[in-house]
Ligand SMILES: [Zn+2]
């Protein structure tokens, strides 16, 4: 009996220990100015006990204000080619911070940059936009997140204005759980390309710069591609998006002399 009790306690402790060790600290957009100071109580050694330190001390953080940037359109840039197709089993995901769609494991859609290909892993929305142009903040912003086979992260960002409704966005809104969690196996297909602006010859104009994830841990080494052209959703769709999350946008970060390159 005593042995059983000991085994039971040790299993319980292991379970507790694992959940403490591996759970990332909680964070919210309201406290974004202090993300870097959030501590992980399971870690006692600097810098491991400050898992989001890069949010504060990074020098290539995202998003940014394009109006504050020196924009260089003199360089010949690799062209973007968006090769997204239909995903037959997308996972509609409420992350606790955003409305997101994870592509299914067999999904083949990708972004080509020059000769390199980056598979599309997920797309999600911020309200209002994270990237701004001076005093202009768009009603929302769409991020397509790609991860290359070498681990490089590429984000394609699209500004969202109010206008015509977008039917694919409606499908996403209608299938995302209202509580944090995932809704897989809906049998519903979506084509991520149908959230893009109409593209002439599939080679859109863009701005590009080095940046970071815009949520903790704010890891740098992310290359951003911001499309010049916006998409639209309806006012009612924006309200529905706000019903999930509102103000889930990080403020513009210091450019620290970063170059922003542009195709035009
Ligand atoms: Zn994002």
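The values are calculated or read from the model by the stated rules, or taken from the named source; none is laboratory data. Source: prediction; values computed, not measured. A quick note on method: Cβ atoms are made from the backbone with ideal geometry, for glycine too, and the neighbour counts reach across all protein chains shown.
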*Do we have residue 126 as within 15 Å of the ligand (Cβ to nearest atom), touching a residue at least 40 places away in the same chain (Cβ under 8 Å) and assigned by TED's automatic domain parsing to the domain that holds residue 250 here?*
yes
_Quick test of your reading of the structure: residue 204 fulfils all but one of (1) at pLDDT 95 or above; (2) closer than 30 Å to residue 88 by Cα; (3) surrounded by 17 or more Cβ atoms within 10 Å (Cβ to Cβ). Name the failing condition by number._
(1)
_Would you confirm whether or not the range 130-137 contains a residue that is more than 19 Å from residue 260 (Cβ to Cβ) and in contact with a helix residue (DSSP H, G or I) (Cβ under 8 Å, 6 or more places away or on another chain)?_
no
_Whether any residue in the range 223-234 is assigned by TED's automatic domain parsing to the domain that holds residue 151, more than 14 Å from the ligand (Cβ to nearest atom) and free of Cβ contacts under 8 Å to residues at least 24 places away in the same chain is what I want to check._
no
*Going by the conditions given, is residue 142 within 11 Å of the ligand (Cβ to nearest atom), buried (at least 20 other Cβ atoms within 10 Å of the Cβ) and in contact (Cβ under 8 Å) with a residue 40 or more places away in the chain?*
yes
